[in-house]
Every structure is written in C-alpha cells, then in structure tokens.
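To start, the structure under review is shown below, and the notes come after it.
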Amino acid sequence: MRKTLLAGNWKMHKTRAETRAFLTSFFKEKAPFWPSAKEKVDLLLAVPFLSLGDAKELAEAQGARIAAQNVHQEKQGAFTGEISIPMLQEIGINDVLVGHSERRQYFGETNEIAAKKALNALAAGMHPIFCVGETRAEREGNRTEAVLAAQLEPLLKEKADFSDLVIAYEPVWAIGTGLNATKEQAQAAHAFIRGVLRERLGDQADKIRILYGGSVKPDNFDELIGQPDIDGGLVGGASLKPEDFAALLKIAQNAG
Ligand code: PGA
C-alpha cells in the first residue's frame with residue numbers, strides 16, 4: 001500500500017554538465033527499464049541547487065522527481081547564502097531533504113530548526129523528506145529510540161497535514177562509512193518510528209513512507225527493502241554512478 005521510493009542524495013557532487021551527463025546516461029543506457037518500473041517505484045534525486053533546473057528538465061520528462069537538499073525555514077530575510085521555499089517553488093521544485101545529519105553536524109541544524117523547515121515546507125505544499133538517526137555513541141549507549149523520539153517530537157507535536165511527509169532513518173554511523181545497519185537493526189528502528197507516528201497521527205502512520213539510508217548499495221538493498229517497515233532508500237554514494245543507481249532501481253522494482 002506504500003509505494004516504494006528510491007531517493008538519491010548527491011550531496012555536494014556534480015556540476016550542471018555532470019548532472020546532464022548522468023541523467024542522459026541513466027535513462028538512455030543504464031535504466032532503460034524505468035518506464036516499466038514506474039508503476040511500482042517513485043524515483044527522486046536530490047541534487048545541488050545550481051543543478052536543479054537542468055535535473056528537473058531531464059528527469060521530469062521521464063516521470064522522476066527532483067529535490068533540493070536543504071531549504072531555509074523563513075520565506076525571506078537577511079540570511080546570506082540561504083534559499084527559501086518560494087524560491088524553490090518558483091522553479092517547480094516541490095521536494096526537499098530536511099535535517100540531513102550533515103546539516104545537523106556541520107551546519108548546526110537542531111531538531112527545532114529541522115521541524116520548522118519541514119512544517120513550513122508542508123504548509124507550502126512541498127514534500128519534505130525528514131531525516132533522523134542516531135550516532136554510534138548514542139546507539140552504544142542504548143539511546144537510539146530516545147534520540148529518534150526527540151528528533152520527531154518538535155515536528156509531530158504541531159497540528160499539520162502530514163500526508164506529504166516522508167521520513168528517512170539514517171543512522172549517522174552508517175552514512176558514508178560502508179557500515180550499513182543490519183536488516184534487523186533497520187527494521188527495529190523503522191518499526192519504532194512507525195509506532196511514534198501512530199501514537200501522534202493514528203492510521204495516517206500507515207501511509208507515511210519511511211526510507212532507510214546509510215551505505216545502501218546494490219549488494220545490501222535487497223534484504224533491507226524486504227523488511228515490512230522499510231519503504232525505500234535514501235542513497236548517497238551509490239546514487240553517484242548511473243550503473244549503481246540503476247541496479248538499486250531494479251532491486252526496488254522487483255521488491256515493489
Ligand atoms: P551514503 O549516504 O549512502 O553515502 O551512506 C546516505 C545519505 O547521507 O543520505
């Protein structure tokens with residue numbers, strides 16, 4: 001009942017020319033099966049701001065979506081270097097990553113800021129992918145569930161229409177490290193998140209997709225995507241090569 005979502009996060013990779021080369025190769029050569037996969041899988045790529053226009057032109061013609069990797073919570077103001085929700089929507093971008101662990105770790109984004117970004121994006125009709133996840137020390141200290149609950153609290157305590165929300169569970173210790181969570185660890189965290197959503201939102205919780213992220217690769221995605229509460233992947237490194245991303249799409253199609 002929840003359609004699988006495969007989302008790539010390019011982070012600070014690829015110029016505009018590289019973006020065009022990737023998407024042309026992906027749809028023409030590496031994933032010619034995409035038209036048949038569409039029915040079972042939603043495909044999305046979060047690209048750098050300057051590549052949004054090129055990516056949108058090439059991906060949307062194929063029925064895939066393009067997301068920004070961040071957005072500022074205010075509509076406008078003296079926030080040098082930032083990009084607002086109306087600026088994204090003006091160029092037709094309606095999907096956005098929010099609260100990625102790199103934003104939290106390197107740019108001081110708190111649970112409250114991330115929640116505000118997601119709430120304002122939802123209110124504007126955007127589809128935020130809200131990222132949560134514990135550090136290694138938090139997992140080893142048995143604090144995973146408390147951390148996830150605290151990350152979700154400022155978002156879910158507000159009255160809002162959460163039907164366009166996606167959650168991404170990304171254990172920080174698994175991002176870019178080659179160490180992915182086992183399918184049991186990931187399913188347990190996803191089931192916990194689903195429980196928190198259910199407490200707050202009732203039956204709507206069953207409609208919200210929860211993606212797993214953290215060293216997703218073609219050789220581990222199959223068993224992760226097979227878990228009942230894992231509805232797709234948020235993929236960094238393996239989304240940078242068209243052949244790897246196509247292999248992940250094939251796995252998502254077969255699982256869907
Ligand atoms: P990774 O990144 O797949 O390279 O671990 C995932 C992410 O940060 O979204």
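The values are calculated or read from the model by the stated rules, or taken from the named source; none is laboratory data. These numbers were taken from a predicted model, which means no experiment stands behind them. Cβ coordinates were reconstructed from backbone atoms using ideal geometry, including for glycine residues, and neighbour counts include every protein chain displayed.
Only residues that are among the hydroxyl-bearing types (Ser, Thr, Tyr) and part of a strand (DSSP E or B): list them for the range 193-217, please. Within the range 193-217, 212 is the sole residue that qualifies.
Residues of the range 34-50 that are more than 13 Å from residue 63 (Cβ to Cβ) and of a type in the set (A, V, I, L, M, F, W, C): 46, 47, 49, 50.
The numbered conditions (1) touching a strand residue (DSSP E or B) at 6+ places or on another chain (Cβ under 6 Å); (2) away from the ligand (no atom under 14 Å from the Cβ) are all true for residue 200 except (1). Please determine, by comparing only the residues of the range 126-153 that are part of a helix (DSSP H, G or I) and of a type in the set (S, T, N, Q), which one is nearest to the ligand (Cβ to nearest atom). Filtering first and then ranking leaves 151.
Among the residues of the range 220-241, is there at least one that is closer than 26 Å to residue 19 by Cβ and out of contact with any strand residue (DSSP E or B) (no Cβ under 9 Å at 6 or more places or on another chain)? There is at least one residue in the range 220-241 that is closer than 26 Å to residue 19 by Cβ and out of contact with any strand residue (DSSP E or B) (no Cβ under 9 Å at 6 or more places or on another chain). Identification of helices (runs of 4 or more DSSP H) wholly contained in the range 44-116 with 2 or more residues that are at positive phi, without any contact (Cβ under 8 Å) to a residue 60 or more places away in the chain and of a type in the set (A, V, I, L, M) yields no element. Looking only at the range 6-28, which residues are surrounded by 13 or more Cβ atoms within 10 Å (Cβ to Cβ) and part of a loop (DSSP other than H, G, I, E, B)? The answer is 10, 11, 13, 14.
Restricting attention to the range 154-192, the residues that are closer than 17 Å to residue 114 by Cα, more than 16 Å from the ligand (Cβ to nearest atom) and assigned to a helix (DSSP H, G or I) add up to 3. Out of curiosity, is residue 156 touching a helix residue (DSSP H, G or I) at 6+ places or on another chain (Cβ under 8 Å), within 27 Å of residue 8 (Cβ to Cβ) and at pLDDT 95 or above? Judged against the criteria, residue 156 is a match.
Conditions (1) in contact with an Asp or Glu (Cβ under 7 Å, 6 or more places away or on another chain); (2) at pLDDT below 95; (3) more than 10 Å from the ligand (Cβ to nearest atom); (4) not aliphatic (A, V, I, L, M), marked per residue:
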{"site": "194", "(1), (2), (3), (4)": "yes, no, yes, yes"}
{"site": "210", "(1), (2), (3), (4)": "yes, no, yes, no"}
{"site": "218", "(1), (2), (3), (4)": "yes, no, yes, yes"}
{"site": "231", "(1), (2), (3), (4)": "no, no, yes, yes"}
{"site": "238", "(1), (2), (3), (4)": "yes, no, no, no"}
{"site": "241", "(1), (2), (3), (4)": "no, no, yes, yes"}
{"site": "245", "(1), (2), (3), (4)": "no, no, yes, yes"}
{"site": "249", "(1), (2), (3), (4)": "no, no, yes, no"}
{"site": "253", "(1), (2), (3), (4)": "no, no, yes, yes"}
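Among residues of the range 227-245 that are touching a residue at least 12 places away in the same chain (Cβ under 8 Å) and part of a helix (DSSP H, G or I), those with a beta-carbon under 7 Å from a residue that is within 11 Å of the ligand (Cβ to nearest atom) and charged (D, E, K, R) at least six positions away or on a different chain give the pairs 238/217; 238/244. No other residue among 59, 31 is over 25 Å from residue 104 (Cβ atoms), more than 20 Å from the chain's Cα centre (by Cα) and crowded, with 19+ Cβ neighbours inside 10 Å apart from 31.
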